[in-house]
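First up is the structure itself, then whatever we jot down about it.
Throughout, read-outs are computed from the coordinates displayed, never taken from laboratory work. These numbers come from a predicted model, not from an experiment. Cβ placement follows ideal geometry from the backbone for every residue including glycine, while neighbour counts extend to all protein chains displayed.
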Amino acid sequence: MNRKRTGFGTRSGFELAAIGSAVGLGNIWGFPYKTSANGGAAYLLVYLLCILLVGAVTMLAEFGVGRRGKANPVTAYKSFSPGWGVIGLLTVVIPALIICYYYVLGGYTVKYALSSFAGNIGIFSSFAGNTGDVLLHTVIFAALALAIIMAGVRGGIETSSKILLPSMIVLLIALSSFTLLLGEGVREGLAFYLRPDFHAISWAGVLSAMGQAFFSLSLGCGAMITYGSYAGKKINLFRSTAIICLLDAVITFMVGLAIFPALFHYVSVTGTAPSELGMGGIGLIFITLPLVFGEMPVIGQVVSLLFFVMTAIAALTSVVSIVEVVTQFIIQCYRIYRTRAAILVTSICLACAVPVAISLGSSLNGGSLLSLFGKNLLDILDGVTNTILMPLCALAACLAMGWCSDHSLSGEETPRQNSALVVMMKFIAPLLIVVIEVFGITDLLSSPGGAGTLMCACAVLVITAVAYYGFYRGRDTGSNRDEALLLEQAVEKRKAGLQRGWYPERDR
Ligand code: PFF
């Protein structure tokens, strides 16, 4: 029986998939409105600094945890010592929670892309309140991600990244070139975006930039551990991390270049005051941009279509990476085929997305259906994951790789220790992550529903710990080899005519 391999076939495939994971709604939806609310370029600078000081180091640590373990996060962490496995399980639970709301937001982008020609002006709250329509688009979005994951790591995730990410970048370049050529208002838009106003950024803004950098780089929720586990042992992870962080930052910067000139063009053409545009809120791309596109004669609908197709692609490549974390764990821990595991994960998360969609729709229409502690479920899930649990997992990755491993990150046989990096991974990044965690929780507690969100996060922690010590600590939680073995068995069975079923990874 010839040995099969699962994982990325090429270094560029690995890097493109990781960039695809990083570039998502965080960059296109979250970044522009947070930048507007926090002093334009001042926020951008802090954000870039966070990527450099904490983000890149944490990403390197997460890739290291994955590649060292060649397995799902639970097994990968267990290989440090059994106690660490609980962090591994938390790293699988967090993406499962994120998927439930990311699916819904992805559904919004699909809806906006599909209805670009009919016009998206003013549809936000009516669409959000129409649960059936939201769920229809959520299912379309989830089905696209499912199709990619079912086709396997190499045949699905790697291949789709090689097509989707470059397409997304081409769209972004086209859009930013177009908006920079709009003429009237462009100069003011660029000044707003690129001239730093340090008075407008508060401590809360700095924290928001740190959180944004984390979310945007997909850190603290297993995606980079899982992709790292599929990376070949010769890949220089320093180099790959530098490329991924750089491209994520450049793409984020370009999103600003595409959006702010267009907003200020609208301001100058219509005479609307910038303060009336709602630039600093979550409606920026779903409420304000449709107005901006609607004001562009003839070409507005095409620009809208390109923008929302780009956003949907970015969201898709990101959600694929988080669904893959949970799918990989189910395949390896329960030894079931990829297709079945992916369908199981997608179905359960879609079921959980239903209350999230209802709750969000209700709150956007001023209601409180299915709210918890006065917040809609998306905000609760976002607080639980982004503010509380993701920094914990990121911290664990830095500590594990900094203190408990000498795995070669450069891909060389005998690793040369880079003392600056060791200091960053052992001390600086963990310290900054603790600061993010402490200030994040303090800030959360001072907001309405914050204590409830913290209680939910504690409940997730307790349930994860009970599940780990009750079920997973003592059992073999599998590794990448298990999927390879399943693949071999499927091929053998098919040859013997025992199985007509389809197994995604090609026979190699
Ligand atoms: N980085 C993605 C974004 O910016 O939208 C979100 C994300 C993807 C977060 C994957 C976490 C993750 F594991």
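The alpha-carbon of LYS375 sits under 27 angstrom from the alpha-carbons of these lysines, leaving out residues fewer than 8 places away in its chain: LYS34, LYS111.
Report the Stokes-Einstein translational diffusion coefficient (µm² s⁻¹, integer) for the range 300-343, Rh taken as the Kirkwood radius over Cα pairs, at 37 °C with viscosity 0.692 mPa s.
Numbers: Rh = 12.1 Å.
So the translational diffusion coefficient is about 271 µm²/s.
What do you get for trypsin sites (Lys or Arg not before Pro) in the range 200-279 restricted to DSSP loop and a cutoff of at most 14 other Cβ within 10 Å of the site's Cβ? Walk me through the intermediate numbers first.
Values: sites: LYS233, LYS234, ARG239; in loops: LYS233, LYS234.
Hits after loop and neighbour filter: LYS233, LYS234.
Measure nothing fancy, just the Cα-based angle from helix 131-150's long axis to the longest principal axis of the chain, in degrees from 0 to 90, nearest 10. So the inclination is approximately 40 degrees. Rounded to the nearest 10 degrees, the angle from helix 429-445 to the longest Cα principal axis of the chain is 50 degrees. Spacing of the modelled spin labels on TRP203 and ILE121, each 7 Å from Cα toward Cβ, amounts to 4.4 nm. What's log10 of I(q)/I(0) for the range 92-133 at q = 0.19, 0.21, 0.29 Å⁻¹, Debye sum over Cα points only, no solvent? Log10 I(q)/I(0), no solvent term: -0.62, -0.70, -1.03. Taking only alpha carbon atoms, the chain gives an Rg to Rh ratio of 0.96, where Rh is the Kirkwood radius.
Note on LEU136 and LEU181: the model spin-label points, each 7 Å out from Cα along the C-beta direction, lie 3.7 nm apart.
For the range 323-334, 3J(HN,Hα) computed residue by residue from phi via the Karplus equation (6.51, -1.76, 1.60; θ = phi - 60°) reads 5, 4, 4, 6, 4, 4, 5, 5, 4, 7, 6, 9 Hz, glycine and proline entered as x. What is the helix-to-structure angle for 85-114, meaning the angle in degrees between its Cα long axis and the longest Cα principal axis of the chain, kept from 0 to 90 and rounded to the nearest 10? The helix 85-114 is inclined about 40 degrees to the chain.
Principal axis extents of the Cα atoms in the range 1-95, from largest to smallest and rounded to whole angstrom, are 59, 33, 22.
At a Förster radius of 30 Å, what calculated FRET efficiency corresponds to the Cβ-Cβ distance of ALA174 and ASN236, to the nearest 0.05? Provide the component values of the computation, followed by the final result.
Details: r = 32 Å, r/R0 = 1.08.
So, using R0 = 30 Å, E works out to roughly 0.40.
Here, the range 50-163 has an Rg and a Dmax of 18.7, 57 Å when only alpha carbons are counted. A straight Cα-to-Cα reach below 23 Å connects LYS493 with the lysines LYS4, residues fewer than 8 places away in its own chain not being considered. Residue order for ILE51, ILE287, fewest other beta carbons within 10 angstrom first, comes to ILE287, ILE51.
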